[in-house]
Amino acid sequence: MLLVEDEEDMRYLVRVILEFAEDPIEVTAEACDVADGVSVWRALRPHITVVDYRLPGGSGLDVAEQILREDPDAPIVLFSAFLDSRTVERADQLGVRACVSKDRVQELPALLRRHIESD
């Protein structure tokens, strides 16, 4: 799994929650901005990508758009403290699989597992 998040503390928190879940999910790569997120995704083609909405160099939707242009079936989850209806609607239009608020981080393992197992 690729985690694209600019805040080091949040990357650590997500990694701990996922890797110590009942059914663990390994974070195999991390990136901290739009360009690195797309570059790492291209190099690794992870099973699933979790991307923050607010990133240096643009937004998580920019990352999603670039990835989904290359692979329309790539599973992407938008993870943000700033989810409004317009952002969720745009994410849905792009083909993002799910949007999760950062205050519901504890739900990530189950959500990601469902998307990993459905592919």
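The values are calculated or read from the model by the stated rules, or taken from the named source; none is laboratory data. Fair warning: this is a prediction, and the values are worked out from it, not measured in the lab. Cβ coordinates were reconstructed from backbone atoms using ideal geometry, including for glycine residues, and neighbour counts include every protein chain displayed. Quick note on the areas: whole protein, heavy atoms, side chains included, nothing else; ligands and nucleic acids left out. Shrake-Rupley method; radii C 1.70, N 1.55, O 1.52, S 1.80 Å.
Below are the figures for this structure:
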item: Fraction of antiparallel bridges per DSSP, the chain only, in percent to nearest 5; result: 10
item: Stretchable slack from residue 20 to residue 85, in nm (0.36 nm times residue separation minus alpha-carbon distance); result: 20.3 nm
item: Surface accessible to a 1.4 Å probe, per residue, for the residues of the chain, Å²; result: 54
item: Over the chain, relative contact order from alpha-carbon pairs under 8 Å, at least 6 apart, %; result: 25
item: Local electrostatic count, residue 95, Cβ distance below 13 Å [Lys/Arg +1, Asp/Glu -1]; result: -3
item: Accessible-area composition of the chain, carbon plus sulfur, in percent [1.4 Å probe]; result: 46
item: Simple label model, 7 Å out from Cα along Cβ direction - residue 8 to residue 39, nm; result: 1.9
item: Size of charge dipole - the chain - debye, nearest 20, with Cβ of Lys, Arg +1 and Asp, Glu -1, no other charges; result: 220
item: Rounded, prolate or oblate (a/c below 1.5 giving rounded, otherwise prolate when a/b exceeds b/c) for the range 1-51 by Cα gyration tensor; result: oblate
item: Pairwise centroid distance, computed over Cα atoms, of the range 25-44 with the range 70-118, Å; result: 16
item: Estimated [θ] at 222 nm from DSSP helical runs (n ≥ 4, -39500 (n - 2.57)) normalised by residues in the chain, nearest 500; result: -14000 deg cm²/dmol
item: Surrounding net charge for residue 81, when Lys and Arg each add one and Asp and Glu each subtract one, Cβ distance under 15 Å; result: -4
